[in-house]
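Since the structure comes first, as structure tokens, the remarks are kept for the end.
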2 protein chains.
Amino acid sequence: MSVIVVGTMAFDAIETPFGKTEKIVGGSATYVAYAASNFLKPVQQVSIVGYDFPGEEMDELKSRGVQLDGVEIVKDKKSFFWSGRYHMDMNTRDTLITDLNVLADFNPQIPESYQGAEFLMLGNLMPKLQKSVIEQLRERPKLIVLDTMNFWMETALDDLKEVLKMVDVLMVNDAEARELSHEFSLVKAAKKILLMGPKYLIIKKGEHGALLFHGDEVFYAPALPLEDVFDPTGAGDTFAGGFIGHLARTKDVSFENMKTAIIVGSALASFCVEKFGPERMREITKDDIDKRLMQFQELVSFDIELV
Amino acid sequence: MSVIVVGTMAFDAIETPFGKTEKIVGGSATYVAYAASNFLKPVQQVSIVGYDFPGEEMDELKSRGVQLDGVEIVKDKKSFFWSGRYHMDMNTRDTLITDLNVLADFNPQIPESYQGAEFLMLGNLMPKLQKSVIEQLRERPKLIVLDTMNFWMETALDDLKEVLKMVDVLMVNDAEARELSHEFSLVKAAKKILLMGPKYLIIKKGEHGALLFHGDEVFYAPALPLEDVFDPTGAGDTFAGGFIGHLARTKDVSFENMKTAIIVGSALASFCVEKFGPERMREITKDDIDKRLMQFQELVSFDIELV
């Protein structure tokens, strides 16, 4: 059982109301890999980095069963760098710097050794590149999950719509769901988006949890109310990694099991925000994860009696 | 088993992005009574109206087991009138008109026949009046629930703090919890507020559901994702009515049963927003409520397997 993860491996510099970091490791594929590697091996990474991406980070990922054959290292360029400042609500942020560097040349190549993977997680990336990855796979994975963002809706909508027809699960946040569908009601938005291709839609609402839509069914996963949200960077990717990690581990892509996968993703994301960058993701154990899953169950369990 | 409900019975004129109404019946105690009367009789109303409040509305409420002995009718004044316009998100609104009318003279009097009630729902009102109601009760109710709003935090904070010491459950929305506690994190806010007196705190988050805090425990109730939110007016009061109605019916004020009560409140509120004013609340049957409770259970149920 393997999962291919496509996305960025990069540097971030982050300011929040509670502190700031120098350049630290980040990137969507980094967070997905840290989360998913709690559930299965191998995680097969596809990304691009520059000469400055730390070897220790590569070693750490390898020790967790993350394969890096699909990570291109560009010897004379720097890694992608993003810097941003979060507002008090931790849901909105200003981008301060975006240095594409190697990302400008990213043309993901699937290594021969990755062929046959049953799960594919397409991190947020130019839709054309996401499509090219799908087309390189000789056997269609059992499940393709795609993350995207408002930027591509505004600059590459046609390409995005094309790749949407090829995937099973789309993950977006609430603002993006509204933008993509031109509907304010998330229920109406979901109905429209499910007509665009994906059979499942996950709408992430940050501290307000996440919704899973499939046909006429809907599932509401809470977010764990946290005393401190230290740094939300990577929380969405960590959620995605936990989600696909659970599905791949259990080899079950039913709606019922996707509900559980969303809870697993939410639990992982609740760790991610506790420290800057992926730091907390390096620390947690299976036992920590199990305890938090029990907290989620406590959080929403209730008995119902009919009137 | 009886519940005393204190609050406004009034007129509203409402504009939403989807339509507008002329003057229609509203008021916190009206909504609470409609909701609670699905669960128990009598609901013992304490309010004040002018000569213009419709007799048919009084008759409708009476037919549902709502006692009106505590509703003062002022022959030469008009009922309280509020007019507002909701923004697209339906969570924020501008007040266009507030005509206090009879409300300026409101001095709630508990009729002798209401003495001995086991439950007390104090709708949003000047904290001094809320306190006066509690002091008029010769026997302390088994459970006192208080609703309030930011206006009183800004204009009568000392009075509010005094009455908070006398109640069991406080209901506020997320912005109000932050304002009252001076904490952005709702978990931190809850900790501070629980030190102010109430043993239970309910934080209402509109379309994002509601949180119940008690000691170190927390429960997250989802809101039902709705295709259309037609008019949110009264949804919070309807939630309160369902909450206290369920508790009074089951005579069980444990944390576990409060979770169920919040789901019941959320189910009732999900009806309220489907039409303007309390119209939908007049239509629904026990069967409708049961069906919606089952939907809530579906909405959040998941199986967890440990890693």
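If the condition is being under 19 Å from the mean Cα position of the chain (by Cα), polar (S, T, N, Q) and under 24 Å from B:Thr21 (Cβ atoms), then the range B:96-140 contributes only B:Asn124. For the structure I just gave you, tell me whether A:Phe276 is touching a Lys or Arg at 6+ places or on another chain (Cβ under 9 Å), more than 9 Å from chain B (Cβ to nearest Cβ) and touching a residue at least 24 places away in the same chain (Cβ under 8 Å). Yes: the conditions hold for A:Phe276. Filtering the range A:130-156 to residues that are without any contact (Cβ under 8 Å) to a residue 24 or more places away in the chain and over 17 Å from A:Asn173 (Cβ atoms) leaves A:Glu135, A:Arg138, A:Arg140, A:Thr155.
Here the range A:43-60 is the region considered, the condition is being crowded, with 20+ Cβ neighbours inside 10 Å and not hydroxyl-bearing (Ser, Thr, Tyr), and the residue that is farthest from A:Leu129 (Cα to Cα) is A:Phe53. Taking A:Asp288 as meeting all but one of (1) within 29 Å of B:Ile202 (Cα to Cα); (2) touching a residue at least 60 places away in the same chain (Cβ under 8 Å); (3) more than 8 Å from chain B (Cβ to nearest Cβ), write down the number of the exception. Single failed check for A:Asp288: (2). For the range B:59-68, the criterion of being more than 15 Å from B:Thr30 (Cβ to Cβ) and either touching a residue at least 40 places away in the same chain (Cβ under 8 Å) or within 20 Å of the chain's Cα centre (by Cα) (or both) is met by none of the residues. Within the range A:239-261, the set of residues being closer than 18 Å to A:Leu120 by Cβ and β-branched (Val, Ile, Thr) comprises A:Ile244, A:Thr250, A:Val253.
Among the listed residues B:Ser113, B:Ser181, identify the single one that is of a type outside the set (Phe, Trp, Tyr) and surrounded by fewer than 18 Cβ atoms within 10 Å (Cβ to Cβ). Before the answer, list the steps.
Details: B:Ser181 fails: surrounded by fewer than 18 Cβ atoms within 10 Å (Cβ to Cβ).
Just a single option satisfies the conditions, and that option is B:Ser113.
Could you grab me the full set of residues in the range B:194-214 that are surrounded by fewer than 22 Cβ atoms within 10 Å (Cβ to Cβ) and over 25 Å from A:Tyr220 (Cβ atoms)? Across the range B:194-214, the qualifying residues are B:Leu194, B:Leu195, B:Met196, B:Gly197, B:Lys199.
In contact with a strand residue (DSSP E or B) (Cβ under 8 Å, 6 or more places away or on another chain) and under 30 Å from A:Met258 (Cα atoms), is that true of B:Gly236? Let's see the steps before the verdict.
Working: in contact with a strand residue (DSSP E or B) (Cβ under 8 Å, 6 or more places away or on another chain): yes; under 30 Å from A:Met258 (Cα atoms): no.
Criteria not met by B:Gly236.
Comparison of A:Ser266, A:Ser270 shows that the only residue that is surrounded by 24 or more Cβ atoms within 10 Å (Cβ to Cβ) and touching a residue at least 12 places away in the same chain (Cβ under 8 Å) is A:Ser266.
Name the single residue that is modelled with the lowest pLDDT among those in the range B:93-108 being closer than 30 Å to A:Asp174 by Cα and surrounded by 12 or more Cβ atoms within 10 Å (Cβ to Cβ). It would help to see each step written out before you state the result.
Of all residues in the range B:93-108, those closer than 30 Å to A:Asp174 by Cα come to B:93-96.
Now narrow it down to the ones that are surrounded by 12 or more Cβ atoms within 10 Å (Cβ to Cβ): B:93, B:96.
Values: B:Arg93: 87, B:Leu96: 92.
The residue in question is B:Arg93.
Can you say whether B:Met58 is within 14 Å of chain A (Cβ to nearest Cβ) and either part of a helix (DSSP H, G or I) or modelled with pLDDT under 95 (or both), as far as the supplied structure shows? Spelling it out, it is not the case that B:Met58 is within 14 Å of chain A (Cβ to nearest Cβ) and either part of a helix (DSSP H, G or I) or modelled with pLDDT under 95 (or both).
Of all the criteria given as (1) buried (at least 24 other Cβ atoms within 10 Å of the Cβ); (2) over 26 Å from B:Ile134 (Cβ atoms); (3) of a type outside the set (A, V, I, L, M, F, W, C), the one not satisfied by B:Ser28 is (2).
The values are calculated or read from the model by the stated rules, or taken from the named source; none is laboratory data. Predicted model only: the values in this text are computed from it and were never measured. Ideal geometry is used to build each Cβ from the backbone, glycine not excepted, and the neighbour counts take in all protein chains shown.
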